[in-house]
1. For the chain, what is the mean residue ellipticity at 222 nm derived from helices alone (per DSSP H run of n ≥ 4: -39500 (n - 2.57); sum divided by total residues; nearest 500 deg cm²/dmol)?
2. For the chain, find the longest principal axis of its Cα atoms and tell me its angle to the long axis of helix 109-127, 0 to 90°, nearest 10.
3. On a 1.4 Å probe surface of the protein chains, which of PHE199, PHE145, PHE29 comes out largest in accessible area, and what is the full order?
4. First compute the accessible area of segment 44-201 with a 1.4 Å probe, then give the percent of it belonging to carbon and sulfur atoms.
5. With only alpha-carbon atoms in the gyration tensor, what are the semi-axes of the equivalent ellipsoid for the chain, in Å, largest first?
6. Taking all protein chains together and a probe of 1.4 Å, list VAL110, VAL177 from the most accessible to the least accessible.
7. Quick check for me: using +1 on Lys/Arg Cβ and -1 on Asp/Glu Cβ, what's the dipole size of segment 1-72 about its Cα centre, in debye to the nearest 20?
8. May I ask for the net charge around ALA28, where only other residues with Cβ less than 12 Å from the Cβ of ALA28 are counted and Lys, Arg are +1 while Asp, Glu are -1?
Amino acid sequence: MLYEYKTISQPIENILLKEKGSKFIGFAFPVNSDIELKTALDKIKSEHPKATHHCYAFRMGLNGENYRANDDGEPSGSAGLPIYNQLLAHELTNILVIVVRYYGGTKLGVSGLVKTYKETAKITLEEAEIITKELETEIEIQFNFSQQNIIFTLLSKFDAKILNFEADENCILTASVKTLLKENISDKLSEMQHIYFDFKN
């Protein structure tokens, strides 16, 4: 099973390519949800309201199973697909690439468009820092106040990130752990008494 994926560390904006009077501007965003995707698209559309086209492609999910390529009025397959193919070529997921076009008066033809959208996506991604991220899973643990040292020691041994901790007679803690280590943590917690835990995803 896969426990990691490649994406970009931070957004890349305003990578310009000029072709026969038309301006193509590339943007790339790391995205982890439909909301983040929509926010990034809306942002670029509001920043470039006079652009002729806002073409884009995205991939989300560990194997890029959630994807789309959008030509936004360009001839079918001439914009979204060349952008999408660059995401495949770089083996990236959880990413959105948008290419904004300002038409300059000279038609490029389908092959010219394919080449230019591909090139814009390529030079945009070349500006990005590509990182490998490990899949993480959230766990909620309930335990007695007296057990907190044992729990914290265990979580720190597995490099878990504490997301929320409600200290009371009965404590509730939410942490993020590497999916790769899920079984190991589960085994350790199962050996302890008076502890309830549940993985959220």
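1. Values: 5 runs with 62 residues, N = 201.
Taken over the chain, the calculation gives -9500 deg cm²/dmol.
2. Rounded to the nearest ten degrees, it is 40.
3. On the way: PHE199 45, PHE145 100, PHE29 15 Å².
The most accessible residue leads, giving PHE145, PHE199, PHE29.
4. Values: 3980 of 8500 Å².
Taking all protein chains in place, segment 44-201 shows 47 percent carbon and sulfur surface.
5. Numbers: eigenvalues 432, 46, 29 Å².
Taking √(5λ) for each eigenvalue gives 46, 15, 12 Å, largest first.
6. Numbers: VAL110 80, VAL177 0 Å².
Result of the area sort, largest leading: VAL110, VAL177.
7. Computed about the Cα centre, the dipole is about 300 debye.
8. Numbers: positive: ARG59, LYS122; negative: GLU13, GLU126, GLU127, GLU129.
Net local charge, ALA28 excluded: -2.
The values are calculated or read from the model by the stated rules, or taken from the named source; none is laboratory data. Given the structure is predicted, the values throughout are model-derived calculations rather than measurements. Virtual Cβ from ideal backbone geometry, glycine too; neighbours counted across all protein chains shown. Calculation scope for accessible area: heavy atoms of the full protein, side chains included, ligands and nucleic acids excluded. Shrake-Rupley method; radii C 1.70, N 1.55, O 1.52, S 1.80 Å.
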